[in-house]
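In what follows, a single structure is set out as structure tokens and then discussed.
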Amino acid sequence: SGARVRRARNTKLPQYLERGIDVKFSDVAGLGKIREELEEIVKFFTHGEMYRRRGVKIPGGILLCGPPGVGKTLLAKAVAGEAGVNFFSISASQFVEIYVGVGASRVRALYQEARENAPSVVFIDELDAVGRERGLIKGSGGQERDATLNQLLVCLDGFEGKGEVITIASTNRPDILDPALVRPGRFDRKIYIPKPGLIGRIEILKVHARKKPMAPDVDYMAVASMTDGMVGAELANIVEVAAINMMRDARTEITTDDLIQAAQIEERGMLDRKERSPEMWKQVAINEAAMAVVAVNFPDLRNIEFLTIAPRAGRDLGYVRMKMDHVKFKEGMLRHGFYSLHITLIFLYSFKLNRQSLLDHITVQIAPRAADELWYGEHQFSTIWAETADNARSAARTFVLGGLSDKHYGLSDFWVADRINDIDSEALRILHMCYDRAKEILHQNRNLMDAVVDILVEKKSLTKEGFFKLVELHGSLQPMPPSV
Ligand code: ADP
């Protein structure tokens, strides 16, 4: 009777079961003390009877908290692997359905399978997708989610303290979970998994290197040092990409160089994914757009090749990239603002000495500051433009020292204390003049600015063709030579 029904049910293939989980704690590196906490969870399975006899309550749910890619899923699997129990998993985003009732019935099915195949670990990825505080989402989507969450609570309560089904959930946002979820008997144990430190990164790299043909002298420390802020998933990826590198060159060993190259590629990707608030994206877009919009008004500088606000390795901002026909720069020097004091000096002393084009450069560099004032008001404090404003400041000084201003100072004046003040105030005058000019150009090209900013915010970058199309549509280019 009862037993037969049970057997009949078991013939249905469990759809949430992951077979052949063969992960052990030794596959998860850089855990430090967290490992002990997880070993205890394994004991809930292997020594459950002992806990129960001594009246120690076994938690129904464990919450693994931490950013994506730190190994939460891997750890949940390792718990199942070490305990030798079944592993059922689902991503909470799969619970969230449009049709009322679907999510709740999936939760029921998941737990039914887990119970029939107990002992087992139920792993719920991205719990916050369904576990956000109830009532926060309006409309039928919210209703559906609330129903799903309620069902989950019921299922969690069903196993409390029994130790045959333990739920492990992962989230990056424990703070937004519905309070009912973290009540005693439910997810009452939180384990925080931080990003790995230097030693952790070395260990993780080594774990992933285990199955790869590494050169004997690989310098893991070098690779770990340059991957500050990266998580296990990214480090695992670095080893994979390094292996591909090796294959491409038809070599037989992965070298430190392969790893370093792979780390650089990964870093670019990582920064691209870095989160910014919508307001921040917009500020950076205004910053970059301002330089491009002002530059396009100047004959020497209008050769804009590419605009981006995607963060790049080592930079928080984006950059505007320009080609200057008469000067060959290394690409690195073109980054963000395309010129610095060095380039200013090159301009002055190595190339055609052109007073107007240097003023134009200063105007471009100060443009982000001017845009900040126009868009956010005079007293809004932002530091986005600090770097280019610095460039503008030193360029203005160079302008004066180079004898290009009406008042003639030479480099020798630079060493005379009271002359320095004069030089500075003259440089400041130049700077202010360029600032006003930038403001005027930006003001005149407000429509163009808006269009460029909108596209940058949406697409993160703009090609040469795309930019000049906008210039054609919205620009009002009127170079206004200043009077110095
Ligand atoms: P999360 O669930 O936290 O988003 P995952 O467990 O899915 O992260 O990690 C993805 C992959 O990254 C793992 O399968 C593993 O290859 C690698 N990884 C992440 N963290 C670690 C770690 N601490 N040790 C070894 N590998 C790791």
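At a glance:
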quantity: Out of Ile58, Ile62, Ile41, sole residue that is closer than 30 Å to Glu234 by Cβ, away from the ligand (no atom under 15 Å from the Cβ), of a type outside the set (Phe, Trp, Tyr) and crowded, with 18+ Cβ neighbours inside 10 Å; calculated: Ile41
quantity: Count of region 75-98 residues which are assigned to a helix (DSSP H, G or I), hydrophobic (A, V, I, L, M, F, W, C) and modelled with pLDDT of 90 or more; calculated: 6
quantity: Helices (runs of 4 or more DSSP H) contained in region 194-295 and holding at least 2 residues of a type in the set (A, V, I, L, M, F, W, C) and touching a His at 6+ places or on another chain (Cβ under 7 Å); calculated: 232-248
quantity: Considering residues of region 225-265 that are in contact with a Leu (Cβ under 8 Å, 6 or more places away or on another chain) and within 14 Å of the ligand (Cβ to nearest atom) only, the residue modelled with the lowest pLDDT; calculated: Thr227
quantity: Residue in region 251-267 that is within 20 Å of the chain's Cα centre (by Cα) and within 30 Å of Val364 (Cβ to Cβ) present; calculated: yes
quantity: Top-ranked residue of region 161-186 - restricted to ones that are surrounded by 22 or more Cβ atoms within 10 Å (Cβ to Cβ) and within 16 Å of the ligand (Cβ to nearest atom), ranked as nearest to the chain's Cα centre (by Cα); calculated: Thr171
quantity: Residue match in region 204-217 (condition: away from the ligand (no atom under 12 Å from the Cβ), under 18 Å from the mean Cα position of the chain (by Cα) and small (Gly, Ala, Ser)); calculated: no
quantity: Residue within region 418-429 that is under 34 Å from the mean Cα position of the chain (by Cα) and either modelled with pLDDT under 95 or under 18 Å from Trp375 (Cα atoms) (or both) present; calculated: no
quantity: In region 74-97, the residues that are out of contact with any Leu (no Cβ under 9 Å at 6 or more places or on another chain) and under 27 Å from Asp175 (Cβ atoms); calculated: Leu74, Lys77, Ser91, Ser93, Gln94, Val96, Glu97
quantity: Number of the condition not met by Ser26 [criteria: (1) within 12 Å of the ligand (Cβ to nearest atom); (2) surrounded by 15 or more Cβ atoms within 10 Å (Cβ to Cβ)]; calculated: (2)
quantity: Condition broken by Tyr51, with the remaining ones in (1) at pLDDT 85 or above; (2) among the aromatic types (Phe, Trp, Tyr); (3) farther than 18 Å from Ser170 by Cα satisfied; calculated: (1)
quantity: Count of residues meeting criterion [surrounded by fewer than 23 Cβ atoms within 10 Å (Cβ to Cβ), basic (Lys, Arg) and under 29 Å from Ala395 (Cα atoms)] in region 427-459; calculated: 3
quantity: Residue match in region 99-116 (condition: assigned to a helix (DSSP H, G or I), within 16 Å of the ligand (Cβ to nearest atom) and either surrounded by fewer than 22 Cβ atoms within 10 Å (Cβ to Cβ) or β-branched (Val, Ile, Thr) (or both)); calculated: no
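The values are calculated or read from the model by the stated rules, or taken from the named source; none is laboratory data. Note that the structure is predicted; figures quoted are calculated from it, not measured. So basically every Cβ, Gly included, is an ideal-geometry build from the backbone, and we count neighbours across all protein chains shown.
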